[in-house]
Structure formats: C-alpha cells, structure tokens
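Colleague: Following this message is one structure expressed as structure tokens.
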Amino acid sequence: VDDPLRGLLDLSRRTAEPLARQLTGQLRSLIADGRLRPGQRLPSSRALARSLGISRNTASQAIEQLVAEGYLVASQSRRPVVAEGASLATATRGGKEASAQPSRFRLSRWAQQLSRTHWPPAYDGRPRAFQPGLPDEREFPHEFWGRCLRHAARSSLHVDRSHNCPELQEALLGHLADLRGIKAQPGQVIIVPSAQAGIALITRVLIEAGDVVWIESPGYGGAFAALQAAGAEVIGVPLDAEGLTLAGRRKTPRMIFATPSHQYPTGRLMPVDRRLALLQFARKSAAAIVEDDYDGEFHYDGRPVAALASLDPNARVVYLGTFSKATIANVRVGYVIVPEGLAPTFALAQRHLGLAVAVTLQKALAEFIGAGAYLSHVRRMTRLYRARRDRLVQALAAEVGDALTVESPAGGMQLLARCAPSIDDVALSHRLQRAGVTARPLSEMLYHRSRERGLFLGFAAWNEAEIDAGTRVLGRCLR
Ligand SMILES: Cc1ncc(COP(=O)(O)O)c(C=O)c1O
C-alpha cells in the first residue's frame with residue numbers, strides 16, 4: 001500500500017505533549033512546508049493508527065483538527081486529502097526555494113546597514129563576570145519596588161494616554177537637579193523604553209543621511225550602529241586624557257555623541273575646561289551634542305562634575321539617561337531631555353514611533369524616586385561598586401601583573417584593562433568566553449585606525465568572590 005507518511009512521523013511517549021497534539025503538529029508542518037502536496041491522499045485514521053501504534057481515537061482527533069483548520073479535506077473514502085493553498089511553498093511559484101528565502105523582500109537601506117554593523121548583544125546567555133553595563137540586581141530593594149508597582153497598577157485604571165507621565169517627569173527632574181545640576185521644564189523630558197530607544201529617537205529627529213556625526217573612539221557601539229544605519233557619516237574621534245579631542249582637521253559635525261561623565265569604555269571623566277571647550281566648539285559649528293549620561297549616577301572619586309547639559313546656555317545639548325543601570329535591567333525606562341524649543345517635535349516623533357513606556361511603570365518609578373528609595377539605592381550602590389572597582393583593580397594587579405594596564409575609572413560600572421598592541425584581544429575574548437568569563441575586546445569599540453587593544457570589564461554586578469574567581473580565569477588565560 002502506498003503510505004505517503006512513511007518515515008515522516010516521529011511520535012514520542014516520553015514527552016509531556018499528548019500524542020494527538022504531536023501528530024497534529026507534525027502533519028501540519030509537512031503540509032505547510034510542501035512535503036505533502038495538495039491533492040495528496042493520506043491514510044485513513046484506522047490505517048494511520050495501526051502504522052503508528054496509537055489509538056484510532058488519537059489519529060481521528062488529529063485529522064479532525066486539521067480538517068477544521070483547513071489543512072485537510074475530508075473525503076468519502078475516509079482518506080483525508082491535503083487541501084489546496086495550505087502550503088506557503090506551493091502557493092508561491094518559486095516552490096521550495098521561495099519558502100527557504102524569506103529575505104527575497106527588498107530590505108530598507110536602514111535594515112541592510114544594521115546587519116552590516118557589528119554591535120554584539122548585551123547578553124549572550126546567562127550574565128556572568130565581567131559582563132559590562134549590568135547592575136547587581138541582588139541588591140535592589142525588590143520588596144519596596146513591588147509595592148510601588150502595586151500602587152501604580154491600582155491608580156492607573158483611568159490613565160490618560162499621553163506618553164510622558166508628569167509625576168515621573170517632575171520626580172526625575174528633582175533628582176537630576178540635585179545630582180547632575182540639570183534644570184529643565186517637565187515638558188522637555190521624553191520618557192522612552194531605554195537609552196538605546198532615546199538614541200534612535202534623537203537620530204530620527206536630528207539626522208539626515210549624509211550628515212557628519214562625531215563619536216568618541218573608542219566609543220559606544222549602540223550609538224555608532226544607530227547613527228551609521230541612519231546613513232550618517234560617522235567619524236571616530238580619538239581621545240586624550242581629558243576625553244574627546246577637538247583639535248585636528250575633520251569635517252564639521254552636525255552632531256557630537258559623547259559620554260563625558262565616564263567615557264565609554266575608558267571610564268575617564270571629562271574635566272570642566274574640556275566640557276566648556278566642547279560646548280564652545282558645538283556653538284561655533286552649529287552642532288548638537290548628545291550627552292549620554294548612562295551611568296553618571298555612580299561616581300567614586302572626588303565630586304562629580306556637573307552634566308554638560310547644565311553648563312550649556314545655548315541649548316545645544318540633548319541629555320540622555322537610563323534607569324536600567326541604577327535600578328534593574330528589567331526596568332526598561334530611559335529618558336531624553338531636549339532643548340525647550342525641540343520638545344514639541346520630539347513629543348510628536350515619540351508618538352509616531354510609538355516609543356511609549358507603560359504608565360504603570362512610569363508611576364511606580366515616580367513613587368520610587370519621590371519616596372527617596374532611588375537616591376538611597378544609588379548611594380548604597382555607589383559605596384558597593386566603589387569597593388568592587390577597587391577589588392577588581394587589586395585582583396588584576398595580583399593575578400595578571402604587567403600584562404594588563406588598568407585605568408581605574410572615577411565612576412561607572414566597568415573599567416578598561418589595556419594590553420599590548422601585539423595581543424589579539426578578539427581571540428583572547430573568545431578564549432575567555434569559553435573559559436567562563438565575559439570580557440569585551442577594546443578593538444571592537446574603536447572607530448578610527450588605532451592599535452589600542454584591551455579588555456572591557458564590568459565589575460558592578462559581581463561580588464568579591466565572583467570578581468576573584470573571574471580574575472583567576474583571566475590570569476590563567478593570559479599566561
Ligand atoms: C554608553 C551607553 N549608553 C547607553 C546604553 C543603553 O542603555 P539602555 O540599556 O537603557 O538602552 C548603554 C548600555 O550599556 C551604554 O553603555
């Protein structure tokens with residue numbers, strides 16, 4: 001007898017999934033991907049049950065379900081027939097080839113460019129030492145945060161649909177005025193799902209294809225990718241001890257992307273004279289500055305320098321921040337503080353792009369900040385992270401000695417350990433990954449021709465034992 005299903009079905013009694021559901025799913029896939037052709041007759045439920053060693057009832061259930069879904073047609077002969085048009089592969093003229101290549105769509109320039117830009121995902125599996133950019137979530141006041149969420153969930157039953165919750169705008173501004181010297185009106189605060197969303201929004205509003213943008217080199221890959229995908233001509237600007245350098249002949253920028261609080265990835269603090277020079281330069285060249293203050297809250301040595309945005313009388317700075325570093329990564333809330341004259345345009349763009357954060361989350365954050373829990377958590381984490389930074393610096397000195405040169409950062413959540421230019425830091429990073437330690441290579445963060453090499457190590461999320469264990473692995477791999 002011809003059995004078109006011979007060898008194609010594989011049911012298992014060892015999984016929790018009922019046999020009828022397994023059979024339905026497997027038959028559906030065979031039809032959908034064209035391995036069973038339209039018009040093909042299948043065995044009757046009795047024959048199917050016999051050949052598979054299952055009950056007739058189970059086989060009938062699967063067939064009836066697929067008839068109901070339109071994959072099979074019941075027939076007089078009791079042998080169901082594969083329906084016409086149930087397979088994408090046969091519905092398109094290209095047959096198998098067409099279903100295997102969904103990328104036959106013409107992609108936008110933006111999407112094409114994105115796939116060419118290398119920006120590794122923040123997590124590749126379970127986070128582990130020394131994954132950068134992660135806070136220690138074990139230390140977060142989950143109990144109180146849960147209470148804020150519950151209150152907010154109850155109170156936002158009758159929400160208005162505006163994207164930016166005034167309570168959060170005001171609470172955030174109060175916090176930033178104290179800590180970063182920023183003064184703005186609530187309407188200038190645009191609440192977005194992450195700093196990265198903020199970068200996308202800023203790019204969309206201010207950048208045209210072909211525009212020249214300066215970015216620090218080494219610098220933040222998320223910004224580089226977003227700007228390059230938008231078609232900007234992104235120029236990597238080398239750093240000196242004070243941060244982004246302004247001298248040198250380069251094309252005049254329309255935008256400068258910088259991380260003056262703790263330069264990403266070197267951790268250097270841009271002193272106030274360089275900040276003022278940068279503002280002056282931006283005014284002269286009519287450029288906007290994006291100040292990414294992603295972890296500006298954690299400052300360890302001396303007093304933090306006020307944010308660029310607070311020093312700027314000419315409203316050239318767009319200030320960018322995120323809650324994902326000072327709370328927990330799952331609090332997906334970032335913010336952009338824009339010059340007053342741009343606020344309506346940004347709010348409009350935000351609405352059109354649908355970059356909204358749930359009102360419940362915004363209200364919960366407003367309460368969390370308003371009750372003082374945010375500031376006291378930041379203060380506690382600052383003490384903790386400072387000790388962890390010191391621990392990592394000491395452990396590296398003891399374990400790897402001269403092989404790595406560490407710049408102890410004045411703040412932030414990660415540090416840069418430089419190695420000799422002859423070392424392939426990408427290969428080293430792969431080796432470390434296999435040995436159980438995450439260490440991003442510096443050479444992947446460079447946007448100008450440079451022989452700088454090194455490893456970028458996050459210390460905030462790891463306790464002393466984890467730091468010590470990670471450093472021992474590092475030492476072993478380097479030796
Ligand atoms: C320099 C810099 N800017 C922005 C971000 C993005 O923050 P978010 O997670 O809110 O998108 C990060 C995250 O690591 C960062 O390191």
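Colleague: Kirkwood hydrodynamic radius for the stretch 1-62: how many Å is it when counted over pairs of different Cα atoms? Intermediate results must be reported in sequence, preceding the final value.
Modeller: Details: mean 1/r = 0.0831 Å⁻¹.
Evaluated over the stretch 1-62, this radius sits at 12.0 Å.
Colleague: Full-extension gain between Arg204 and Glu143, please, as 0.36 nm times their residue separation minus the C-alpha to C-alpha distance.
Modeller: Values: separation 61, 0.36 × 61 = 21.96 nm, distance 3.82 nm.
My answer for the length gained is 18.1 nm.
Colleague: Could you grab the relative contact order for the chain? Cα pairs under 8 Å, six or more apart, rounded to a whole percent.
Modeller: On the way: 828 pairs, mean separation 82.8, N = 479.
17 percent.
Colleague: Using a probe of 1.4 angstrom, how much of the accessible area of the chain is carbon and sulfur, in percent? Numbers along the way, then the final one.
Modeller: On the way: 11800 of 23240 Å².
So the carbon and sulfur contribution to the accessible surface is 51 percent.
Colleague: Would you mind getting the accessible area per residue of the stretch 293-332, heavy atoms of the protein chains only, 1.4 Å probe, in Å²?
Modeller: Details: 1380 Å² over 40 residues.
I get 35 Å² per residue for this part.
Colleague: Per-residue HN-Hα couplings for the stretch 234-246, Karplus 6.51 cos²θ - 1.76 cosθ + 1.60 at θ = phi - 60°, whole Hz, x for Gly and Pro?
Modeller: Rounded to whole hertz, the list is 8, 10, x, 9, x, 10, 10, 4, 9, x, 3, 8, 10.
Colleague: As an exercise, use a Förster radius of 35 Å and the Cβ-Cβ distance of Arg250 and Gln433 to find the FRET efficiency, rounded to the nearest 0.05. List each step's numbers first, then the result.
Modeller: Values: r = 35 Å, r/R0 = 1.01.
Plugging the Cβ-Cβ distance into 1/(1 + (r/R0)^6) gives 0.50.
Colleague: Now a separate question. If you take the beta carbon distance between Leu353 and Ala420 as r and set R0 to 60 Å, what does 1/(1 + (r/R0)^6) give as a FRET efficiency, to the nearest 0.05?
Modeller: Numbers: r = 45 Å, r/R0 = 0.75.
Working from the Cβ atoms, E equals 0.85.
Colleague: In nanometres, what is the gap between the two model label sites at Ser51 and Arg21, each 7 Å from Cα along Cα-to-Cβ?
Modeller: 2.5 nm
Colleague: While we're looking at this one, here's another question. How would you order 18-29, 404-415 from highest to lowest mean count of nearby Cβ atoms within 10 Å?
Modeller: Working: 18-29: 17.5, 404-415: 21.5.
Taking the mean over residues of other Cβ atoms within 10 Å, the ranking is 404-415, 18-29.
Colleague: A further question on this structure: Can you work out the FRET efficiency for the pair Leu114 and Ala403, with r the C-beta to C-beta distance and R0 = 41 Å, to the nearest 0.05? Numbers along the way, then the final one.
Modeller: On the way: r = 36 Å, r/R0 = 0.87.
The formula returns an efficiency of 0.70 here.
Colleague: Under the rule of at least 5 residues apart or a separate chain, name every residue whose amide H is placed under 5 Å from the amide H of Gly411.
Modeller: Amide H neighbours of Gly411, under 5 Å, 5+ apart: Tyr300.
Colleague: Which percentage, to the nearest 5, of the DSSP beta bridges contained in the chain is antiparallel?
Modeller: Details: 25 of 42 bridges.
Close to 60 percent.
Colleague: Restricting to lysines 8 or more places apart or on different chains, can you count the pairs in the chain with Cα atoms under 26 Å from each other?
Modeller: Values: Lys183/Lys284; Lys183/Lys325; Lys183/Lys363; Lys251/Lys284; Lys325/Lys363.
Close lysine pairs found across the chain: 5.
Colleague: Using 0.36 nm times the number of residues separating Asp3 and Asp301, minus their current alpha carbon distance, what extension gain do you get? Mind dumping the intermediate values first?
Modeller: Working: separation 298, 0.36 × 298 = 107.28 nm, distance 7.64 nm.
That works out to 99.6 nm of additional length.
Colleague: Along the charge dipole of the stretch 349-479, Cβ charges K/R +1 and D/E -1, which of Gly458, Gly372, Ala403 sits furthest on the positive end?
Modeller: Gly372
Colleague: Suppose the chain between Ser29 and Arg476 were pulled fully straight at 0.36 nm per residue; how much longer would it get relative to their current alpha carbon spacing?
Modeller: Values: separation 447, 0.36 × 447 = 160.92 nm, distance 4.87 nm.
Contour length minus the Cα-Cα distance gives 156.0 nm.
Colleague: Now, a different point. Work out the charge dipole of the chain with +1 on the Cβ of Lys and Arg and -1 on the Cβ of Asp and Glu about the Cα centre, then indicate which of Pro218, Pro339, Ser443 is farthest towards its positive end.
Modeller: Ser443
Colleague: Using a 7 Å offset from the Cα along the Cα-to-Cβ direction at both Asp178 and His151, what is the distance between the two label points in nm, to one decimal?
Modeller: 1.6 nm
Colleague: Work out the length of the dipole vector of the chain about its Cα centre, built from +1 on the beta-carbon of each Lys and Arg and -1 on the beta-carbon of each Asp and Glu, and round it to the nearest 20 debye. Please list the in-between numbers first.
Modeller: On the way: 61 positive and 45 negative charges, 313 e Å.
In total the dipole reaches around 1500 debye.
The values are calculated or read from the model by the stated rules, or taken from the named source; none is laboratory data. Everything numeric here is computed off the predicted structure, so don't read it as measured data. A quick note on method: Cβ atoms are made from the backbone with ideal geometry, for glycine too, and the neighbour counts reach across all protein chains shown. Just the protein is used for accessible areas: all its heavy atoms, side chains included, with ligands, DNA and RNA removed. Shrake-Rupley method; radii C 1.70, N 1.55, O 1.52, S 1.80 Å.
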